[in-house]
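Right, one structure below, let's go through it.
Each value in this text was obtained by applying a stated rule to the coordinates, not by laboratory testing. Please read all numbers here as calculations on a predicted model, not as lab measurements.
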Amino acid sequence: MKAGTMFLHQLLADIAQRGYITHYSRNYRQESPFRLVSENQDYLSTVIDQEGCYGPFRHYFPLTDLENVKLILHFRDPRDVLTSMYFYLAYHQKHIPQAVRNTYIKRGIDSFSFNPSLPESKSWKQRTKEHVRRLINLDNPPTMADWFLNDYQMYFNQYLHLEQTTVLTYEEMVTNFPTWLPKFLSALSLENQPQLLQELLEVHQDSFAPPNPQSLDKIKHKRRILPGDHKQKMSEQTITRLNTIFSEQLSALGYEK
């Protein structure tokens, strides 16, 4: 959910390549034996009983039989999530027709956040509608703010209170990786692996170096790293409205309003 999922995938792949975990992810190529081909409940129910690490998942999916499962919830400020999603869909996602992306660009991020404007890509649009309708039973297409709010609410309601859940944040990952990484490894039951910790710190020591402001590129997938991007991209009115919509989540996760 625009919270560093591609980096998390690579980090887990690095750990798996060193033999510490078996990793299942939809981001592996088809020839990999550890490819999770679909993020849907029917498929998950057939594989989740296999021992290993699954994810990262970009949206909420209901899981059953959680007694023997450890969960990592990796949150990001939802206002920055919306900002990142806007630039991703408008400038980066090539599966969306150019005419639709031009509409996003013309409308701007403030309109994007509150209009029921799903991408006019059949597979994406159908998947998104079905996903949200399953969660909140809406007949009309949700706004982007609706879409993310319901993911956050489902994570909060279903998983946040569980003893086996570890809560981490994108903001700590990108601003203080040396403190974030031990928590991540501990959630994987790898807290007593100092060599692995040191290797990963060295490999990824430059992963979150802030980009040169003069070289920021709207079309890059890794466009801007530092938290708070919404403050520069959204209007005050939009931020105020989002502060109300996400009030519970912002307060619970310690994000400034």
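Before moving on, here are some points about what is shown:
- Nonlocal amide H pairs with PHE57, under 5 Å, H built at 1.01 Å: none
- Distance histogram in 10 Å bins (all Cα pairs of the stretch 142-190, percent per bin): 23, 36, 35, 7
- Linear extension gain, ASP110 paired with SER189, 0.36 nm per residue minus alpha-carbon span: 24.3 nm
- Around the amide H of ARG76, modelled in the peptide plane, lie the amide H atoms of TYR170, all under 5 Å away and 5 or more residues distant in sequence or on another chain.
- Cross-link table LYS94/LYS257; LYS94/LYS233; LYS70/LYS257, entries beyond 28 Å C-alpha to C-alpha: LYS94/LYS257; LYS70/LYS257
- Derived scalar couplings between HN and Hα for the stretch 243-252 equal 4, 6, 4, 9, 4, 4, 5, 4, 5, 5 Hz in order, rounded to whole Hz, by the Karplus curve 6.51 cos²θ - 1.76 cosθ + 1.60 (θ = phi - 60°), x for Gly and Pro.
- Derived scalar couplings between HN and Hα for the stretch 168-177 equal 10, 10, 4, 4, 5, 4, 8, 9, 8, 4 Hz in order, rounded to whole Hz, by the Karplus curve 6.51 cos²θ - 1.76 cosθ + 1.60 (θ = phi - 60°), x for Gly and Pro.
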